[in-house]
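**Student:** Below is one structure. I have some questions about it.
The values are calculated or read from the model by the stated rules, or taken from the named source; none is laboratory data. Keep in mind that this is a model prediction, so the values were computed, not measured. All Cβ positions, even for glycine, are placed from backbone atoms using ideal geometry, and neighbour counts span all protein chains on display.
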Amino acid sequence: MMNLDLDIFSPLQQVKLPLFTEYGVEVFIKRDDMIHPLISGNKWRKLKYLLRRAQAEKKHHLVTFGGAYSNHLLATAAAAAKFGFKATGFVRGEEVENDTLFLCRLHGMQLIFTDRESYRDKNALFDRHFANDKDAIFIDEGGASPEAALGCSELVDELPFTFNHLFCACGTGTTAAGIINGLQKHKLDTEFHAIAALKGAEFLRADIDKYLDNPAPYHLHTQYHFGGYAKTTPELIEFVKLFTSQTGIMIEPVYTGKMIYALFDMIRQAKFTPGSRILAIHSGGLMGILGMKNKF
Ligand SMILES: *Cc1c(COP(=O)(O)O)cnc(C)c1O
């Protein structure tokens, strides 16, 4: 049987910048991006219990879904290679080639390009190809599942002290829900800020609430999308460059750039009382920047 060694290294790092001193706040980053270069950040946490379940069910073939730039597809490919699974990824849309898919293939993932119509019904796709494959396990797009929320909740177990505010980038909302569950479990009154990476994201509230163990308050900020999912502006690109060059902590424009931008914006608007301790989750996904090289 495979040995699933899922121990991780994700240090807490304080970032010191003149802006933070000026407004009297302390800012820390939870370096989930350091968990693994490709199975990075929240994708590792989201896969953890899905891999455990695959192992328990003696299934050796991970089957999952994503867009052509999906961090989840890449994380699944790399996790499969690391832990001795086979992997198949259904890719939404016509056949293309890019850096993400190259890295998926490099790690041995088989890619099946799927038109947008068929892609909508993922269970049907799985059944059509793998109904008779007893070895195959269905993993939803982005890893979305109760197991994923559970994995993300464990981030809170690792925090050495309490924060007044916690910032997290948000796509499907599973990571946010998991972390909110973790805060509740530890009875912390940390204010949680979900920064939506996509436009018109009010619907995310329902998606987050779906995975909450108990109803809980949180802030959902929907105005930092910069045009929509995987969209960007020169201002965001400049911000990503500046933050990366001033801290040595790389961020990218799809998720973490928007989240850190939001944090800076709210600090400048004096939203946090002096003395506040703020934690930003670096959810990884750094390879996503490769699809945006031409914007820099
Ligand atoms: C996938 C991803 C997210 C979004 O996570 P959800 O659980 O879908 O909200 C955030 N940040 C990074 C870097 C990601 O790759």
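**Student:** With 240, 254, 156 as the choices, which residue is hydrophobic (A, V, I, L, M, F, W, C), outside any helix (DSSP H, G or I) and in the same structural domain as residue 27 (by TED's automatic domain parsing)?
**Tutor:** Selected residue: 254, the only one of 240, 254, 156 that is hydrophobic (A, V, I, L, M, F, W, C), outside any helix (DSSP H, G or I) and in the same structural domain as residue 27 (by TED's automatic domain parsing).
**Student:** Restricting to the range 188-237, name every residue that is part of a loop (DSSP other than H, G, I, E, B), farther than 15 Å from residue 172 by Cα and in contact with a Phe, Trp or Tyr (Cβ under 7 Å, 6 or more places away or on another chain). Steps first, please.
**Tutor:** We begin by selecting, within the range 188-237, every residue part of a loop (DSSP other than H, G, I, E, B); these are 188-190, 197-200, 211-218, 222-233.
Restricting the remaining residues to those that are farther than 15 Å from residue 172 by Cα gives 188-190, 213-218, 223-224, 226-227, 231-233.
Matches in the range 188-237: 190, 218, 224, 232, 233.
**Student:** If you scan the range 34-57, which residues turn out to be surrounded by 24 or more Cβ atoms within 10 Å (Cβ to Cβ) and charged (D, E, K, R)?
**Tutor:** 43, 45, 46
**Student:** Is it the case, given these coordinates, that residue 141 is more than 14 Å from the ligand (Cβ to nearest atom), in contact (Cβ under 8 Å) with a residue 12 or more places away in the chain and in contact with a strand residue (DSSP E or B) (Cβ under 9 Å, 6 or more places away or on another chain)?
**Tutor:** No; evaluated as a whole, the condition is false for this residue.
**Student:** Taking the range 163-181 on its own, how many of its residues are crowded, with 24+ Cβ neighbours inside 10 Å and either basic (Lys, Arg) or more than 13 Å from the ligand (Cβ to nearest atom) (or both)?
**Tutor:** Matching residues across the range 163-181 total 1.
**Student:** Give all pairs with beta carbons closer than 8 Å in which a residue from the range 219-234 that is under 27 Å from residue 183 (Cβ atoms) meets a residue that is part of a loop (DSSP other than H, G, I, E, B) and of a type in the set (A, V, I, L, M); count only pairs at least 6 apart in sequence or on separate chains.
**Tutor:** 225/197; 225/198; 229/197; 229/198; 229/254
**Student:** When you look at residue 291, is it at negative phi and either touching a Leu at 6+ places or on another chain (Cβ under 9 Å) or outside the structural domain of residue 185 (by TED's automatic domain parsing) (or both), yes or no?
**Tutor:** When the stated conditions are applied, residue 291 does not pass them.
**Student:** Give me a count of the residues in the range 33-67 that are in contact (Cβ under 8 Å) with a residue 60 or more places away in the chain, outside any helix (DSSP H, G or I), aliphatic (A, V, I, L, M) and closer than 23 Å to residue 256 by Cβ.
**Tutor:** Residues meeting the conditions: 2.
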